[in-house]
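Heads up, the thing below is written out as structure tokens.
The values are calculated or read from the model by the stated rules, or taken from the named source; none is laboratory data. Everything numeric in this text was worked out from a predicted model, so none of it was measured. Cβ placement follows ideal geometry from the backbone for every residue including glycine, while neighbour counts extend to all protein chains displayed. For the accessible areas, the whole protein counts, side chains as well, though only heavy atoms, and no ligand, DNA or RNA atoms are used. Shrake-Rupley method; radii C 1.70, N 1.55, O 1.52, S 1.80 Å.
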Amino acid sequence: NIAFAVNLFSSLCTALAAMFVCWITIILSKLALVRFSDDIELGETIACAGAGLVAGLATAFSTSIWFSAVEGEVNAMSNFFTAMTFWAVIKWYNLPNERVHDKWLIFAVYSAGLSIGVHLLSLLTFPALAIFYYFKKFKNHSFIGVAGAALSGALAIALIQKVIIVGIPALWSKMELLTVNSFGLPIHSGIYPTIVIIAAILFFMLRQARRKRIAWLEQVTVALFLLVVSFSTFGMVVIRANANTPINMNNPSDAMRLLPYLNREQYGERPLLRGPDFTAQPVSYDREDRYGRVGDRYEIVDQKVSYVYKDSDKILFPRIA
């Protein structure tokens, strides 16, 4: 029954993803025909509905989507969250330019945050989100403006990766060392000061936005709050690791083991922009201590070893060498 339920859930997520693709296509088709006007003729309505139907069915029956729909993997739910995130952006873009409708933009951020617990694919919609924001909020458009908007969306991905996905577990690990090793408190006590620190930062950001009447800062703060809440789904990883499941790769049962797990250290270093070519030999090694649970304390139990190469052996885009 468990295997059947997991596979069925993948099918349901794929069906919902196809539905969102259908809705996205209908909205974009309407914008292409009549822009933001509600004066749409019957023939144009049928054309928009037909385009949405074709797009939804093409999504559902394409090979890669279909295979994801019939297996117990992360791809089906990831497709669902990505489609829902982009649909929320398109829905927001189609609505009148009023502040009350910005809730859909914040919902898109929340949806992308929820997907972090499944897969990072939804974060790739942020450059598109930024471009739609640029076209709706700014009157004069230019190629430089579009490029700047796309770049800001890419920077948002990097910030979420560093501040939310890695930053919060890093803060938790520091608080864990402080509370357990220094204060003698029980394991996992570091989560409490971590929550207090994050809540205090968001509270003061929101209070400052309200005092100064800065609408964009208030929206950013609410979006960050929802990102933190949605990222908390990763707590399931720690909870299940402590349950000693039969498959427990890297055993991320506490803050010290969760951070290497999130950094994917088990896969080694694979530089994207600049790194060694495939014939390069390391000249030295960097070592970084890794803490683990020893009784009621954390002690150094392992080291992360990183290769150091000569600059002359490094090239741009080493993966294509």
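Within the stretch 179-218, the trypsin sites (Lys or Arg not before Pro) that combine a DSSP coil assignment with at most 14 other C-beta atoms in a 10 angstrom radius are Arg213.
The protection proxy used here, the mean number of other Cβ atoms lying within 10 Å of each residue, ranks peptides 277-288, 143-154, 306-317 as follows, highest first: 143-154, 306-317, 277-288. For the residue pairs Lys103/Lys174; Lys30/Lys139; Lys30/Lys162; Lys30/Lys103; Lys174/Lys314; Lys103/Lys212, the C-alpha atoms sit more than 32 angstrom apart in Lys103/Lys174; Lys30/Lys162; Lys174/Lys314. Backbone N atoms of the stretch 292-307 closer than 17 Å to the 7 Å Cα→Cβ label point of Asn251 belong to residues 292-304. Which one of Val196, Trp216, Leu95 has its Cα pushed farthest toward the positive end of the charge dipole of the chain, where Lys and Arg give +1 and Asp and Glu give -1 at the Cβ? Going by the charge dipole, the pick is Trp216. Placing unit charges on each Cβ (+1 for Lys and Arg, -1 for Asp and Glu) gives the chain a dipole about its Cα centre, and among Ala15, Phe126, Asn75 the Cα reaching farthest toward its positive end belongs to Phe126. Take the solvent-accessible surface of the protein heavy atoms, probe 1.4 Å, and return the percent of it on the chain that carbon and sulfur atoms account for. About 65 percent, which is the carbon plus sulfur part of the accessible surface. A cut-off under 10 angstrom between Cβ atoms defines the neighbours of Asn97, and their net charge, with Lys, Arg +1 and Asp, Glu -1, is +1.
Residues of the stretch 114-134 with the amide nitrogen closer than 15 Å to a label point 7 Å from the Cα of Ser232, along Cα-to-Cβ, please. What the label zone holds, given the 15 Å backbone N cut-off, is 114, 117. With the convex hull drawn over the C-alpha atoms of the chain, the volume per residue is 198 Å³.
His188 contributes about 60 Å² of solvent-accessible surface, heavy atoms of the protein only, 1.4 Å probe. Over the chain, dividing the summed -39,500 (n - 2.57) contributions of all DSSP H runs of at least 4 residues by the number of residues returns a 222 nm mean residue ellipticity of -19500 deg cm²/dmol. The Cβ shell under 10 Å around Arg274 holds other residues with a net charge of 0, Lys and Arg each +1, Asp and Glu each -1. Averaging over all projection directions, the Cα-based convex hull of the stretch 226-321 occupies 9.0 nm² in the image plane. The charge dipole of the chain, taken about the Cα centre with unit charges on the Cβ atoms of Lys, Arg (+1) and Asp, Glu (-1), comes to about 920 debye, rounded to the nearest 20. Principal semi-axes of the equivalent ellipsoid, √(5λ) from the alpha carbon gyration tensor of the stretch 31-96, are 29, 16, 6 Å from largest down. Per residue, the accessible area of the stretch 55-163 comes to 51 Å², computed with a 1.4 Å probe over protein heavy atoms only. Note that the stretch 29-149, at 10 °C in a medium of 1.306 mPa s, gets a Stokes-Einstein diffusion coefficient of 98 µm²/s from its Kirkwood radius over C-alpha pairs.
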